[in-house]
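One structure below.
The values are calculated or read from the model by the stated rules, or taken from the named source; none is laboratory data. Bear in mind that the values here come from a model prediction, so they are computed numbers and not experimental data. Glycine gets a Cβ as well: all are built from the backbone with ideal geometry, and neighbour counts include every protein chain shown.
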Amino acid sequence: MEILTYPDQRLKQISESVESIDKEILNFINELEQARMAGPGAVGIAAPQVNNFKRVVIVDVSNMRKPVENHGHMIMINPEITAWEGMDMGREGCLSVPDFTGNVIRAEKIKLNYMDETGQHHEIEPSGFEARAIQHELDHLDGLLFLDRLVSRRSDLFKRKNYKK
Amino acid sequence: MKCSVLTLVGADQAGIVAAVTDALYKQGCNLAQASMMRLGANFAIMLRVSHDENHDLRKVLSNICNDMNLHLHIDEDADTDGLRPDPDVQVTVYGADRHGIVAQVTSALAMAGLNIIDLETDIGGTKNDPIYIMTLEGLATKGIESLQVALDGLSSDIEVNLDEINTLRG
């Protein structure tokens with residue numbers, strides 16, 4: 001599947017909710033996963049990146065070289081973030097923005113509802129790198145790229161320490 | 001097309017960036033990565049430009065360099081688009097300013113396999129008690145552990161922090 005790359009304006013579209021989980025959407029999810037696996041080291045992908053404007057994303061940070069907290073491989077249909085907590089800066093890149101990475105501030109911890117491909121509803125509270133990946137992918141559903149949230153590499157280079165109490 | 005790296009330095013004044021980039025633009029040159037900053041009373045520009053083989057960039061910028069008293073240096077560059085490595089480590093250093101901080105830290109890191117991609121330093125604090133601050137990013141060609149070992153052996157009067165850059169791709 002072709003990955004849309006910026007400045008393709010289709011990436012700026014807002015995606016529509018999935019009304020029902022039918023054969024067509026399940027086939028599409030398979031194709032979306034194949035597109036993610038074909039991307040170099042991609043931990044997530046969103047439907048609009050392959051020119052489909054349904055609210056579907058896939059996130060999987062369970063195979064990182066340096067392991068991070070995770071909820072495994074997640075197919076998220078109509079995902080919605082309901083709470084945000086804390087802030088952290090991290091480096092992001094995107095299949096739709098080749099050959100560029102930048103610093104982005106994201107919530108450190110989120111609360112999220114979504115439906116999986118079997119129609120089961122989930123509520124999870126991801127944090128850290130997984131929360132970052134989910135926020136990055138959900139932005140695609142609202143027509144936002146990490147480029148819309150860039151902060152200067154020259155600012156805030158010193159990471160906030162986590163002080164022990 | 002050909003790629004060149006331009007370095008321009010001169011006493012800081014309003015309009016340097018506009019004048020230089022406008023002249024390049026009007027000759028059809030295409031700007032790529034750039035780093036520009038005020039260094040003391042000077043303004044320094046480092047700029048990668050792709051341009052037609054026939055362009056003489058020195059000629060393109062000669063009037064501006066004369067009018068604004070800028071020193072120009074030009075290096076040819078290979079066309080490396082798409083081959084930019086992503087840094088995988090970030091090192092931050094700070095401490096009371098003294099001679100040799102950059103030399104000691106970067107020598108230790110070089111021996112341990114760090115290829116520096118980006119580095120900047122600054123001086124803060126007061127005139128009587130200046131502090132030196134350095135941040136750098138690079139590629140740990142021999143792994144992050146060897147860098148940590150190298151940094152652990154540095155003088156204890158500076159604070160050194162090594163972090164892995166875990167770039168998200170989505």
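B:Ala78 meets all of the listed conditions (1) of a type in the set (A, V, I, L, M, F, W, C); (2) surrounded by 15 or more Cβ atoms within 10 Å (Cβ to Cβ); (3) closer than 25 Å to B:Thr141 by Cβ but one, namely (2).
Criterion applied to B:Gly95, B:Gly113 was being modelled with pLDDT under 95, out of contact with any Cys (no Cβ under 7 Å at 6 or more places or on another chain) and of a type in the set (Gly, Ala, Ser), and the one residue passing it is B:Gly95. All conditions in (1) farther than 23 Å from A:Ala35 by Cβ; (2) at the interface with chain B (Cβ under 9 Å from one of its Cβ atoms); (3) in contact (Cβ under 8 Å) with a residue 24 or more places away in the chain hold for A:Lys66, with the sole exception of (3). Taken together, A:Leu145, A:Leu141, A:Leu112 contain a single residue that is at pLDDT 95 or above, closer than 24 Å to B:Pro85 by Cα and more than 10 Å from every other protein chain (Cβ to nearest Cβ), which is A:Leu145. Residue check: is A:Ser15 surrounded by 13 or more Cβ atoms within 10 Å (Cβ to Cβ) and in contact with a Pro (Cβ under 6 Å, 6 or more places away or on another chain)? Answer is yes for this residue. Taking the conditions (1) aliphatic (A, V, I, L, M); (2) within 24 Å of B:Gly28 (Cβ to Cβ); (3) in contact with a helix residue (DSSP H, G or I) (Cβ under 9 Å, 6 or more places away or on another chain) in turn, B:Val89 satisfies each one other than (2). Among the residues of the stretch B:1-40, the ones that are in a strand (DSSP E or B) and touching a Phe, Trp or Tyr at 6+ places or on another chain (Cβ under 9 Å) come to 7 in all.
A search for C-beta distances below 7 Å between a residue of the stretch B:149-166 that is under 21 Å from A:Arg65 (Cβ atoms) and within 11 Å of chain A (Cβ to nearest Cβ) and any residue that is in a loop (DSSP other than H, G, I, E, B) and of a type in the set (Lys, Arg), counting only pairs 6+ apart in sequence or on different chains, returns B:Asp163/A:Lys159; B:Glu164/A:Lys66; B:Asn166/A:Lys66.
Restricting B:Val105, B:Val89 to residues that are surrounded by 12 or more Cβ atoms within 10 Å (Cβ to Cβ), touching a residue at least 60 places away in the same chain (Cβ under 8 Å) and touching a strand residue (DSSP E or B) at 6+ places or on another chain (Cβ under 8 Å) narrows the list to B:Val89.
Of all the numbered requirements in (1) in contact with a Pro (Cβ under 6 Å, 6 or more places away or on another chain); (2) within 14 Å of chain A (Cβ to nearest Cβ), B:Ile123 misses one, and that requirement is (2). State which residue is nearest to the other protein chains (Cβ to nearest Cβ) when the search covers only the stretch A:69-105 and only residues that are surrounded by 17 or more Cβ atoms within 10 Å (Cβ to Cβ), out of contact with any strand residue (DSSP E or B) (no Cβ under 6 Å at 6 or more places or on another chain) and closer than 19 Å to B:Gln90 by Cα. Of everything passing the filter in the stretch A:69-105, A:Gly90 is nearest to the other protein chains (Cβ to nearest Cβ). Just one of B:Gly28, B:Gly113, B:Gly100, B:Gly125 is on the phi > 0 side of the Ramachandran plot and surrounded by 15 or more Cβ atoms within 10 Å (Cβ to Cβ); which is it? Testing whether each residue is on the phi > 0 side of the Ramachandran plot and surrounded by 15 or more Cβ atoms within 10 Å (Cβ to Cβ) leaves just B:Gly113.
Tell me, which residue of the stretch A:38-51 that is modelled with pLDDT of 95 or more and more than 9 Å from every other protein chain (Cβ to nearest Cβ) is farthest from A:Thr5 (Cα to Cα)? Here the answer is A:Ala47.
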